[in-house]
Each structure stands twice: as C-alpha cells, then as structure tokens.
Amino acid sequence: MTDALLNALKLILLALIYLFFGRVLWAVWSEVRTPVMPAARVGGGTASRSRAKKSAGKGVPLFVVIEPKQHRGATYTLSSVLAIGRLEDNDIVIDDDSFISSHHARIEIRPEGTWVVDLGSTNGCYVNGQRVADERSVRKGDRIQVGSTVLEMRS
C-alpha cells in the first residue's frame, strides 16, 4: 500500500470516530434536554376522572394523553380550567410520580386562547420540549409535559 492510501484511510477512520462521538453526544444532549421521569398514573381514582369531562364538543379544546403508554388515549375536555397535580382535588390526578407537585400546573381558557400556567412547581412543565417559566399559550398540536405525562392539545 502506498503512503497516500494509508493517509486517506487514516482520515476516513478519524472522520468515522468523530461521527460516532458526535452521535453519542447528540443522544446524551437530547436525553438531558427532555426530562425522563418514572411513569405516572393519570386519573388516580374514579372521582377525579369524573370531574374531567370525557366527551368532546366542537371547538372546545381536548387534551389526549400521549405518554405513558398505559394511559395513552385518555381524554380531557377543557371547559374553563383543568388542574394537574398529585392531590385528588385536581382534574387530572397523577399520584404516583414524585416529580409532580401537589398542584403542578393549570390549563385554562382565556379570551385570547388556551394557556398553560406553571403553579410554581419544582420540576416545571414543558410545552413542546421548552420549559414554561410562568405561563404560555398553547395551540392545537402542542404537547404539554408534566413529569412523564405528555398531553397533546386537539380540538
């Protein structure tokens, strides 16, 4: 083999090593950016589920559970306010996730649209992967994450 061929093979090997490490760093960064927390139990009891209406009206925001898998498809209709937290007085009760506060977040209808409000929770809530500082408007297709529970807004 010639020196030129060996140098080319060295450069190709070095490029492959850099690509491998770049992919590893990308995977780590995406895991750090989006919190991965233990599975939550949505709607801890029948009393809490009965408070959140399950039938969708036309033009009324509807929130569908995307994650965790065992609760995928559960729906909640937003008439005025949906409270999310660990305590039973919330509309959406997530009682087995230690990353959820007693009263974690609230989804509400305002004249200017639908808003998600973080109620000062320690671990925060996220809309489309971005942490909500205080409050943020949400639109159809947006995903709200509280602990490991992800809700998608549909109408």
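The values are calculated or read from the model by the stated rules, or taken from the named source; none is laboratory data. Everything numeric here is computed off the predicted structure, so don't read it as measured data. All Cβ positions, glycine included, derive from the backbone under ideal geometry; neighbour counts span all protein chains shown. For accessibility, only protein heavy atoms count, side chains too; no ligands or nucleic acids. Shrake-Rupley method; radii C 1.70, N 1.55, O 1.52, S 1.80 Å.
Would you rank Arg139, Arg86 by solvent-accessible area, highest first, keeping every protein chain in place and using a 1.4 Å probe?
In descending accessible area the options line up as Arg139, Arg86.
Rounded, prolate or oblate for the range 85-155? Axes are the square roots of the Cα gyration tensor eigenvalues, ordered a ≥ b ≥ c, and the cut-off for rounded is a/c under 1.5.
prolate
For the pair Trp26 and Ser155, how long in nm is the line joining their label points, each one 7 Å along Cα→Cβ?
Going from the Trp26 label point to the Ser155 one covers 3.5 nm.
What is the Cα centroid distance between the range 74-96 and the range 104-132, reported in whole angstrom?
Here the answer is 13 Å between Cα centres.
Keeping all protein chains in place, calculate the accessible area per residue for the range 55-124 (probe 1.4 angstrom), answer in Å².
In whole numbers, the range 55-124 has 46 Å² accessible per residue.
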